[in-house]
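Readers should treat all values here as calculations from the given coordinates under stated rules, not as data from a laboratory. It should be emphasised that the depicted structure is a prediction, and the values quoted were computed from it without experimental measurement. FYI the Cβ positions are ideal-geometry reconstructions off the backbone, even for glycines, and counts take in every protein chain you see.
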Amino acid sequence: MNIRPRRLRGSQILRKMVRETRVDKSSLIYPIFVKEGENIKEEIPTMPGQYRYSLDTFPKALEELLDAGVDKVMFFGIPDDKDEVGSQAYAQDGIVQRALERARAEIGSDMYLITDVCMCEYTSHGHCGVLRGHDVENDGTLKLLAKTALSHVQAGADMVAPSDMMDGRVRAIRTLLDETGHKETPIMSYAVKYASAFYGPFRDAAGSAPSFGDRKSYQMDFHNRREAIKEAFLDVEEGADIIMVKPAMSYLDIVREVKERVQLPVAAYSVSGEYAMVKAAARLGYIEEDRIICEMAAGAYRAGTDIYLTYFAKEIARFIEEGRIG
Ligand code: PBG
C-alpha cells in the first residue's frame, strides 16, 4: 500500500498545514436588528441569544463585535409605524437611517456598515414592495427601493444590500446612487434568494411576515438551479459588486455553482432558521452547538463562499481564535 490518506491526518499540526479551506474573521458579517424606543435589548424568542436593540443600546453590541474581531454588520430596521408604501424605509429619520448616524458618531469608521434594502419590515401588508390589488408591483417598487438605498448611503452606509427580489432593482439602485454622487458605494445583491421557510424566525424578529399570501411570486422556487445562474448573471450585468446566495445550509450546491460561473465575490447568508435549529437542538442536548457551528461555517466556505453572513459571527470569531476552525 503506497498511498495512505491517513498519513496526512496524523496530528493537528499536520492537518492544519494541509487544510483546504481557510476561514477568516474579515469575511464575517453580523446581522443586527434595531428598533424604536429606549434602553431596549430584548431577546428574540425564536432566536435565543439574538436581540432587538434600541438606538441607545446597539452601539455597545457593535463594540463587543469589534472586540471579538468582527467589523462588519448588516442592519435590519424595525419601525413603529408601517404603511401601505413602507415610507419609513426611506424616511430621513427612519430607524436604520438614525442607527447609521449614531453608529458613525459613536463607533467611527472601524465598523463597516451594510444595510438590508427592502420594504417588508415597513409595509403594513408585510410584502417586499408596493401592492396593486394583491400583486406586488415590480416597477413601481423600484423607485422606492432606490430611494431607500440612497437614504441609507446619505446616512452613512458603506454598502447597500437589496433583498426584495424585484426585477431590475440593482440597476435602479446603481443608477440613482451614481446620479447622486455615490459611484463608489458597492451593492451586495441578494441575487439568489429562495422563498424559504428558513426565514421564519426572522419574520418573528422583525414582525415582517406577509399578512396575506406568500413571497413565492418574487422569491425563487427552491427546486431551481439554472434560475439561480440566470438571477446571478442579471445582477452582474446590472452592476452588482457582490452576489449573495440565501439561505446557506440547504443551498450549498448553488453557492458552488454561482462561485464557478460568476467572476464576483460570493456571499452566503446562514439565515435565522438555521440559527434557530442549532439553538433548539443544542438546548435539548441533541447536538454539540459549537462543533455544529464550525461545520456549518466551513461547509459554506468549502462550497465557495467568500463572505459569510451569520448570527454566529461572534462565536465563529472566537472559535478561530481558539484554533477550532480556520
Ligand atoms: C427582507 C429579508 C429577510 C431576510 C433578510 N432580508 C426576510 C424575508 O425575505 O422574508 C431573512 C433573514 C433571516 O432569515 O435571517 N426581505
Select from the range 176-234 the residues that are touching a Cys at 6+ places or on another chain (Cβ under 9 Å) and not in a helix (DSSP H, G or I) and list them in ascending order.
-> 190, 208, 209, 210, 215, 218, 219
Only one of (1) buried (at least 24 other Cβ atoms within 10 Å of the Cβ); (2) closer than 21 Å to residue 21 by Cβ; (3) away from the ligand (no atom under 12 Å from the Cβ) does not apply to residue 262, and that is (1)
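Among residues belonging to the range 251-267 that are outside any helix (DSSP H, G or I) and of a type outside the set (A, V, I, L, M, F, W, C), point out the one that is nearest to the chain's Cα centre (by Cα). Reasoning before the result, please.
Here is the first cut: in the range 251-267, the residues outside any helix (DSSP H, G or I) are 262-267.
Okay, now just the ones that are also of a type outside the set (A, V, I, L, M, F, W, C), so 263, 265.
Working: 263: 20, 265: 14 Å.
Going through the qualifying residues, I end up with 265.
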Hey, can you tell me all the residues within the range 268-315 that are away from the ligand (no atom under 16 Å from the Cβ), in contact (Cβ under 8 Å) with a residue 60 or more places away in the chain and either over 14 Å from the mean Cα position of the chain (by Cα) or under 20 Å from residue 17 (Cα atoms) (or both)?
-> 283, 298, 301, 302
When you go through 101, 106, 121 one by one, which is the residue that is in a loop (DSSP other than H, G, I, E, B) and among the acidic types (Asp, Glu)?
-> 121
Residues being crowded, with 16+ Cβ neighbours inside 10 Å, out of contact with any strand residue (DSSP E or B) (no Cβ under 7 Å at 6 or more places or on another chain) and more than 23 Å from residue 108 (Cβ to Cβ) - total across the range 37-71 = 2
May I ask you to list the residues in the range 77-122 that are over 20 Å from residue 188 (Cα atoms), of a type in the set (Val, Ile, Thr) and surrounded by 24 or more Cβ atoms within 10 Å (Cβ to Cβ)?
-> 95
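Kindly check whether there is at least one residue in the range 143-152 that is closer than 20 Å to residue 92 by Cβ, surrounded by fewer than 16 Cβ atoms within 10 Å (Cβ to Cβ) and out of contact with any Leu (no Cβ under 6 Å at 6 or more places or on another chain).
Pass one, the range 143-152, residues closer than 20 Å to residue 92 by Cβ: 143-152.
Filter again for surrounded by fewer than 16 Cβ atoms within 10 Å (Cβ to Cβ), leaving 143.
Those still in the list that are out of contact with any Leu (no Cβ under 6 Å at 6 or more places or on another chain) too: 143.
Among the residues of the range 143-152, at least one is closer than 20 Å to residue 92 by Cβ, surrounded by fewer than 16 Cβ atoms within 10 Å (Cβ to Cβ) and out of contact with any Leu (no Cβ under 6 Å at 6 or more places or on another chain), which makes the answer yes.
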